[in-house]
1. Within region 55-72, can you find the residues that are surrounded by 10 or more Cβ atoms within 10 Å (Cβ to Cβ), in a loop (DSSP other than H, G, I, E, B) and of a type in the set (D, E, K, R)?
2. Which residue pairs have Cβ atoms under 8 Å apart, sit 6 or more places apart or on different chains, and have a first residue in region 35-53 that is within 15 Å of ALA73 (Cα to Cα) and touching a residue at least 40 places away in the same chain (Cβ under 8 Å) and a second that is assigned to a strand (DSSP E or B) and of a type in the set (D, E, K, R)?
3. All but one of (1) in a helix (DSSP H, G or I); (2) open to solvent by 100 Å² or more (accessible area, probe 1.4 Å) hold for ARG90; which doesn't?
4. Quick one: how many residues across region 1-54 are open to solvent by 70 Å² or more (accessible area, probe 1.4 Å), of a type in the set (A, V, I, L, M, F, W, C), assigned to a helix (DSSP H, G or I) and modelled with pLDDT under 85?
5. Among the numbered criteria (1) part of a strand (DSSP E or B); (2) open to solvent by less than 90 Å² (accessible area, probe 1.4 Å), which single criterion is violated by ALA79?
Amino acid sequence: MARSRQAFHAQLEQHIVTCAREQRTQLAATMPHRRLSIAEDETWKDGMRLVAIEPVSGLILVEQVAETRSAAAWTHALAHGLEGLNVRHRRAGHQR
């Protein structure tokens, strides 16, 4: 029974990820330009993860496994997380 639950949850997670990607692509295509503030943090679930959210909506922009939390790692993670979105963002001490 536990194995079938694990399989179900793995399949459900994959469907959620696929749906999120599809919706993001569709919504980004018609998204008006926005300026975002981004809250950055690190979590340690199965290793270090860089996490960035838009604090007003709670939208998770980045959740990425990383080996370091350097400025270069964050720059790369944010570039990937914001790819395709019509946004300009502000991080603490930075303007983009």
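The values are calculated or read from the model by the stated rules, or taken from the named source; none is laboratory data. These figures come from a predicted structure and were not determined experimentally. Backbone-built Cβ (ideal geometry, glycine too); neighbour counts: all protein chains shown. Only protein heavy atoms, including side chains, enter the accessible area calculation; ligands, DNA and RNA are left aside. Shrake-Rupley method; radii C 1.70, N 1.55, O 1.52, S 1.80 Å.
1. At the first step, the residues of region 55-72 found to be surrounded by 10 or more Cβ atoms within 10 Å (Cβ to Cβ) are 55, 59-66, 68-71.
Okay, now just the ones that are also in a loop (DSSP other than H, G, I, E, B), so 55, 66, 68-70.
Across region 55-72, the qualifying residue is only ARG69.
2. Pairs found: GLU40/ARG91.
3. All conditions pass for ARG90, except number (1).
4. 2
5. (1)
Okay, residues lined up against (1) over 27 Å from ALA71 (Cα atoms); (2) of a type outside the set (Ser, Thr, Tyr); (3) out of contact with any strand residue (DSSP E or B) (no Cβ under 8 Å at 6 or more places or on another chain):
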{"site": "GLN23", "(1), (2), (3)": "yes, yes, yes"}
{"site": "GLN26", "(1), (2), (3)": "yes, yes, yes"}
{"site": "ALA29", "(1), (2), (3)": "yes, yes, yes"}
{"site": "ALA39", "(1), (2), (3)": "no, yes, no"}
{"site": "ARG49", "(1), (2), (3)": "no, yes, no"}
{"site": "ILE53", "(1), (2), (3)": "no, yes, no"}
{"site": "GLY58", "(1), (2), (3)": "no, yes, yes"}
